[in-house]
1. Kindly state, to the nearest 0.05, the FRET efficiency for Arg41 paired with Ser157, given R0 = 25 Å and r defined as their beta-carbon distance.
2. Can you order the peptides 309-320, 141-152, 227-238, 157-168 by their average number of other Cβ atoms within 10 Å per residue, highest first?
3. If I compute solvent accessible area with a 1.4 Å probe over the protein chains, what percent of it on segment 255-342 is carbon and sulfur?
4. Counting Lys and Arg as +1 and Asp and Glu as -1, what is the net charge of the other residues whose Cβ lies under 15 Å from the Cβ of Phe164?
5. If packing is taken as the average count of other Cβ atoms within 10 Å, what order do 244-256, 203-215, 9-21 fall into, highest mean first?
6. For an R0 of 41 angstrom, estimate the FRET efficiency from the Cβ-Cβ distance between Glu33 and Leu177 and round to the nearest 0.05.
7. Averaged per residue, what accessible area in Å² does segment 1-96 show with a 1.4 Å probe, protein chains only?
8. If packing is taken as the average count of other Cβ atoms within 10 Å, what order do 39-48, 85-94, 279-288 fall into, highest mean first?
Amino acid sequence: MNAGRSLFFIALGLFGLYTIEFGVVGILPAIVERYGITVARAGWLVGLFALVVAVCGPFMVLWLSRHARRKVLAGALFMFAACSVLSAWAPDFATLMALRIVPALLHPVFFSLAFAAAVSLYPRERATHATAMAFVGTSMGLVLGVPITAWIAARFSYEASFLFCAAVNAAAGIGLLAVLPDEAKRPAPAQCVPTIRPSAILGKLPVWLNLLATVLIFATMFSVYSYAAEYLAREAGMGGETISVLLVVFGIGGVAGTLLAGRLLGKSLARTALLHPVVLGSAYLVLYACGSASFLPMIAVCLLWGAAHTSGLIVSQMWLASAAPEAPEFATSLYISAANLGVVSGAAVAGGFITAMGMTGAMWSGWLFAVLATLCIALKVLLSDRKPDGAGQPPAPRESPAVAAPARTIPTAAGSSAPSPGISTG
């Protein structure tokens, strides 16, 4: 068995998965023009996908995880490829929307089983290495999927952007059928997290507050990002190829932002979580005030925007995990649903604002959710501070357990993942 080759095709499949989910953001102007629809309606290509993942994901995972992992993973990739090919020549917008449903149903299944397969390829002591390598595909899909599809559509054709997604997923599916073992080894005992009944964490108020904060943070992020290409085209007067370059710059900023956020989280989780929506809202203010057709200034703007946006993935994940360290896998499954609920909420509300106010409505939606996220996190911090740790005394330092199991990890972009060292919550 060649674990390295198997891991490569797992990462390639994850890249293809996230290119399908978010690649439409880069070609939104072409979709609007092709089908003669409003920007708000086109935004539902992202919103519907996220809604299906949020509502149906846990049930699909429970159902399909009982079957042979290699066949389920390859089958999901072939379905992604088929839907992409059909999407290239969808006769109307309703058909294009319908073709998003099947990939959305299979998204959480592939994601969950892909990480489980990656970990099973290596001994227990190398599980973190396997997870990190698989995350290369996830991160590249999040960071590069949008600009690559935007560039292909601008350089070649609208159809070519979908065919690119199809080719990537088909290649990954063929590769997994060829090299991934039929049976996966069970995790060694040290990889499993002994805990209470997972659903018991739903009785904790901090968990609900952090879930709400996750929804609001993602709504803040995707109020604007869902319409990124259209905003840059209309408000900044950018062309298709220039937009694709700026989205790559956005991704580079995301890498830097995630690395910086990781360091800040190690120093103070609560302070970093509280500051994040403020920083993201400030980035929107800079984009609103400085957005123009001048390329060089827009590089700086997109670097800042990308850093503030992408760091929200790891910040929100760590913030939620900190409220339920006794049930990390269940907390991560809740994070999947909360994150996708935030994506659909942000895209939908911003779409309504855009219809009423024009493209700048996306900014106002982002600012609204940023304020709500800040208030929610502040409330959680205040409630935590009221715990009887001793009046006026700082709480004694405590060791945080591992945050999440690799097989149920959510992408935190730019190569970061849920497994992390102990994080202070003060």
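1. Once rounded, the FRET efficiency stands at 0.65.
2. With the highest mean Cβ count within 10 Å placed first, the list reads 309-320, 141-152, 227-238, 157-168.
3. Summing carbon and sulfur atoms, their accessible area is 74 percent of the total for segment 255-342.
4. Summing Lys and Arg as +1 and Asp and Glu as -1 gives -1.
5. Highest-to-lowest ranking by the protection proxy: 9-21, 244-256, 203-215.
6. E between Glu33 and Leu177, to the nearest 0.05, is 0.60.
7. With all protein chains present, segment 1-96 gives 41 Å² per residue.
8. Going from most to least packed, we get 39-48, 279-288, 85-94.
The values are calculated or read from the model by the stated rules, or taken from the named source; none is laboratory data. Given the structure is predicted, the values throughout are model-derived calculations rather than measurements. So basically every Cβ, Gly included, is an ideal-geometry build from the backbone, and we count neighbours across all protein chains shown. Heads up: the accessible areas ignore ligands, DNA and RNA and are worked out on the full protein's heavy atoms, side chains in. Shrake-Rupley method; radii C 1.70, N 1.55, O 1.52, S 1.80 Å.
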